[in-house]
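Here the structure is laid out as structure tokens; the discussion comes afterwards.
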Amino acid sequence: MKRLFYIPLLVIMVAMLMSCEMESSHGGKLDGYWHLERIDTLHAASADYGQKKVFWAIQGHLIQMTDRDYQYSSLISRYERQGDSLILERPYYNERDKGDPEVEELIRLQFYGLGSWSPRFRIENLSSERMTLSDGNVILQFRKL
């Protein structure tokens, strides 16, 4: 008689588990917390960020760019990965209490290595420890934490 009780309970539990849809990130090695170590430019001097606390947090379809020295505002952007390309959408300030306003001055993006509103980077190197991105004008070098 106890078995008759457990069989429907088991069926209900299996049905509940199968109805749940888990969202997972498909970023692979791209997902993670990246320290921006260097920005090399073709038209100006390179910048060594090794001692700066500038990070890109990448997960799902979002990138959060943060300056932990608190000199520059944090930014968030959606992105899409197409093969060896990383395409960012126009970034927003990460200011939830103000509704995440859109960045309106291009100069605010340059600190994070962005030279346009929707940059398209070529992923030159991506491993579990290092990432190098290039858009033809800048080369961004990261170390994964």
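Under 20 Å from a label point 7 Å along Cα→Cβ of E104: give me every residue in the stretch 34-74 with its amide N that close. Residues passing the 20 Å test: 72-74. Taking each residue as 0.36 nm, the span from A45 to Y33 lengthens on full extension beyond its C-alpha to C-alpha distance by 1.7 nm. Within the shell defined by Cβ-Cβ distances under 9 Å, the residues around S85 carry a net charge of +1, with Lys and Arg each +1 and Asp and Glu each -1. Label point of N137 set 7 angstrom out along Cα-Cβ; within the stretch 36-57, amide nitrogens under 12 Å from it belong to 41-44. Convex hull of alpha carbon positions in the stretch 88-145: directionally averaged projected area 4.8 nm². Between I123 and K53, the FRET efficiency estimated from the beta carbon spacing at R0 = 22 angstrom works out to 0.40.
Straight-line cross-link reach from K29 at under 15 Å between alpha-carbon atoms covers these aspartates and glutamates, not counting any fewer than eight positions away in the same chain: E80, D84, E124, E129. Cross-link partners of K52 among aspartates and glutamates, defined as those whose alpha carbon lies under 17 angstrom from its own and excluding same-chain residues fewer than eight positions apart: E37, D40, D67, D69. About its Cα centre, the stretch 63-145 has a charge dipole of approximately 280 debye under the convention of +1 per Lys or Arg Cβ and -1 per Asp or Glu Cβ, with nothing else charged.
Taken together, the values in this text are just the output of simple stated rules run on the coordinates, not laboratory data. All values reported here derive from a predicted model rather than from experimental measurement. Note that we place each Cβ from the backbone using ideal geometry, even for glycine, and neighbour counts take in every protein chain shown.
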